[in-house]
Amino acid sequence: MSATDALPSRPGSPRLPLPRTQEQMLTWVCVFVPTLALILFFGYPLLTIFWHSFVLFDGTMGLDNYAAIPSTPGLVTAGLNSVVISVSTTVVCLLLGFPMAYALERSRIPGKGWIRLCLLLPMLAPSLVQGLGLLFLLGRNGLVFRWTGIEQDIYGYWGLLFSNVFYALPQAIMIIQAALRNADARYYDAATVMGATPRQQFFHITLPNCKFGLLSAAFVVFTITITDFGNAAVIAGNYKVLATEIFNQVSGQQNFGMGSVVGIILLLPALVSVYIERVSSQKQFGGGSENRIPLQPSRARWRDTWLGLIAHLTAFAIAAVVVVVVAASFIKLWPYNMTLTLANFKVKISSGYQPIWTTLYISLAAAVVGVVLLFMLAYGVRNLHGRIAKAVYLLAVLPVGVPGLVLGLSYIFAFNDPAYPLHWLYGTAILIALCNFYHYHTQGFLTMMTGMRMVPQALEDAAACLGGRVRHVMGDAILPVIAPTVLAVFFFLFMRSMVTLSAVIFLITPQLNVASVSVLHLNENGFVSQAAAFSTIIIAVVSVAMLAMRGLVHYFRPNLAQGLA
């Protein structure tokens, strides 16, 4: 099953001809505008990466950048290190993620709400917060050293491994949970009747049924790790990886040609892993039964004890890394003067709180523009059929395979060119907002498509038969049903824009900075307590946004159910 096979369709509906009616015209407009935006703000910038990879340092064209890869020790080392750290992180996340997902879905351990809350914390902050928290805990002046006197060298491979695991593990757990949740209790009942022991049921039913979920989680973790810049910039030290190498080539050496080559190298494994992940997830969820009976976990003392121990200890470690950053923001001078203070929130260096306000503006712009374009695209693709619909669908899901660093670099090449008609956007907050939106375009589009599939066709037909125009059908039939999805996509884009780092690191200017990059710069300049304060503000804003999203979604769902009834 391919991605295009999942396109929504209406049974018995013909292909849409050239626009003649009002509805058909709306469909074509809804497809054309977002698709044109995709080409201008994703397709064309990505092509510039490939073009500039052939531009040599002296401005001439050739293959010397590619030929120089084997003879560039730093690049070869960074590539090998990236593979090693990504594979290591993936293995650890699977070894920890499966027991934790199993504990949450198939056991009766106490404190599941606390564990879920701890797993949520890394998603509320930029990725570099994990590295910053490890420095506060295990660094040369960390709490462990001051309490025990045992000196830890956290910089390098081990520090990067721990920070990547804490950042990627919650996402792996959610994927494995979904695979375990898809089980049908009737299989286990039949196995019990046939005399199968719990151990046999685990190896012959549970593991085979969630193998694609495990594979999907593995490739998601691998992709997150090999493309992450935040943790590597904070805690990797001399352990060079591709994400830091591309930044050094572009920002440090101004070698845009070699930076493009590194971007392509970074792009290839991400694309391959995303493709395999999508195939595996489709196989996993495609075989689920709609009338399945949910499995109710039984009580098993030995199992629940060990699973509870693993889950709570891991959740505590994840929470400690984030909580210590929040705590450090209220410390006068970490770790020498542990007096509580609010002075760290009175930022007097650089541009003060301006990056926070700029980030809020950028995040709101990304969410508003993103929701409008995604709603239009989902509506258009839902009503369009044939090869055009499949081509648009494939273009809409392609951004998920492009790392943020590569997308940000492509924006430099495309929009910093005076010959490009949209050159005037370069250096503006709107361009950063668009970069954030297209970085997370695929997730938002797939979510919006899921919401569109929930709109009953009979409801649209009834509104149309009663004489309603397109705006009445849209307002009375489609928008009330899809409102919770629209809200979810809006807050998703807002929250991800608040914490993203890799996609915008190349686009900031001395006059235009964002909060996540400010945290990185404050830490690099030794202002660790103020870096923690900025991180705390980001976490607070994203937490409020998440609570608002949940409240609004819960408000709309009862009204939706009542309206459909």
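The values are calculated or read from the model by the stated rules, or taken from the named source; none is laboratory data. Nothing here was measured: the structure is a model prediction, and the numbers come from that model. With ideal geometry, Cβ positions are generated from the backbone for all residues, glycine too; neighbour counts draw on all protein chains shown. Note: accessible area is taken over every heavy atom of the protein model, side chains too, but ligands, DNA and RNA are not part of it. Shrake-Rupley method; radii C 1.70, N 1.55, O 1.52, S 1.80 Å.
Cβ contacts < 6 Å: first residue more than 14 Å from residue 445 (Cβ to Cβ), restricted to segment 480-492; second residue open to solvent by less than 20 Å² (accessible area, probe 1.4 Å) and small (Gly, Ala, Ser), any location; separation 6+ or different chain. Result?
Short answer, once both residue conditions are applied: 491/545.
Among the helices (runs of 4 or more DSSP H) confined wholly to segment 52-124, which include 2 or more residues that are buried (at least 17 other Cβ atoms within 10 Å of the Cβ) and small (Gly, Ala, Ser)?
On the way: elements: 64-67, 73-106, 112-120.
Ranges flagged: 73-106.
Pick from segment 200-215 the residues that are closer than 30 Å to residue 168 by Cβ and open to solvent by 80 Å² or more (accessible area, probe 1.4 Å): which of them is nearest to the chain's Cα centre (by Cα)? Walk me through how you get there before you give the answer.
In the first step, residues of segment 200-215 are kept if they are closer than 30 Å to residue 168 by Cβ; the result is 201-215.
So of that shortlist, the ones also open to solvent by 80 Å² or more (accessible area, probe 1.4 Å) come out as 203-204, 211.
Details: 203: 32, 204: 33, 211: 22 Å.
Step by step, filter segment 200-215, then rank; the result is 211.
Find the residue count for segment 390-424, including only residues that are surrounded by fewer than 20 Cβ atoms within 10 Å (Cβ to Cβ) and not in a helix (DSSP H, G or I).
Counting residues in segment 390-424 that are surrounded by fewer than 20 Cβ atoms within 10 Å (Cβ to Cβ) and not in a helix (DSSP H, G or I) gives 7.
Let me spell it out: the conditions are (1) of a type outside the set (A, V, I, L, M); (2) over 16 Å from residue 495 (Cβ atoms); (3) surrounded by 16 or more Cβ atoms within 10 Å (Cβ to Cβ), and residue 351 meets all of them except one. Which number is the exception?
Against the list (1) of a type outside the set (A, V, I, L, M); (2) over 16 Å from residue 495 (Cβ atoms); (3) surrounded by 16 or more Cβ atoms within 10 Å (Cβ to Cβ), residue 351 comes up short only on (3).
Restricting attention to segment 60-69, does a residue exist that is at pLDDT 85 or above and in contact with a Gly (Cβ under 7 Å, 6 or more places away or on another chain)? Walk me through it before giving the result.
Of all residues in segment 60-69, those at pLDDT 85 or above come to none.
Looking for residues that are at pLDDT 85 or above and in contact with a Gly (Cβ under 7 Å, 6 or more places away or on another chain), one finds none in segment 60-69, hence no.
Suppose the filter is surrounded by fewer than 24 Cβ atoms within 10 Å (Cβ to Cβ) and under 19 Å from the mean Cα position of the chain (by Cα); does residue 333 pass it?
Working: surrounded by fewer than 24 Cβ atoms within 10 Å (Cβ to Cβ): yes; under 19 Å from the mean Cα position of the chain (by Cα): no.
Taking the combined requirement at face value, the residue does not satisfy it.
Have a look at 172, 183, 190, 218 and point out the one that is of a type in the set (Gly, Ala, Ser) and surrounded by 24 or more Cβ atoms within 10 Å (Cβ to Cβ). So that I can check it myself, show each step before the final result.
Numbers: 183 fails: surrounded by 24 or more Cβ atoms within 10 Å (Cβ to Cβ); 190 fails: surrounded by 24 or more Cβ atoms within 10 Å (Cβ to Cβ); 218 fails: surrounded by 24 or more Cβ atoms within 10 Å (Cβ to Cβ).
Within the list 172, 183, 190, 218, the selection yields 172.
Scan segment 21-71 for residues that are without any contact (Cβ under 8 Å) to a residue 12 or more places away in the chain, under 30 Å from residue 241 (Cα atoms) and among the β-branched types (Val, Ile, Thr) and report the count.
Going through segment 21-71 one residue at a time, the tally reaches 1.
Kindly establish whether residue 514 is closer than 25 Å to residue 327 by Cβ and touching a helix residue (DSSP H, G or I) at 6+ places or on another chain (Cβ under 7 Å).
Details: closer than 25 Å to residue 327 by Cβ: yes; touching a helix residue (DSSP H, G or I) at 6+ places or on another chain (Cβ under 7 Å): yes.
For residue 514, the condition - closer than 25 Å to residue 327 by Cβ and touching a helix residue (DSSP H, G or I) at 6+ places or on another chain (Cβ under 7 Å) - is met.
Outside any helix (DSSP H, G or I), closer than 28 Å to residue 437 by Cα and touching a helix residue (DSSP H, G or I) at 6+ places or on another chain (Cβ under 8 Å) - does that describe any residue in segment 374-388?
Start the filter on segment 374-388 by keeping residues that are outside any helix (DSSP H, G or I), which leaves 384-386.
Now drop any that are not closer than 28 Å to residue 437 by Cα, which leaves 384-386.
Among the residues that remain, those that are also touching a helix residue (DSSP H, G or I) at 6+ places or on another chain (Cβ under 8 Å) are: 384.
Scanning segment 374-388 turns up at least one residue that is outside any helix (DSSP H, G or I), closer than 28 Å to residue 437 by Cα and touching a helix residue (DSSP H, G or I) at 6+ places or on another chain (Cβ under 8 Å).
Residues to consider are 156, 142; find the one that is open to solvent by less than 50 Å² (accessible area, probe 1.4 Å) and on the phi > 0 side of the Ramachandran plot. Give the derivation first.
Working: 142 fails: on the phi > 0 side of the Ramachandran plot.
When all the criteria are applied, what remains is 156.
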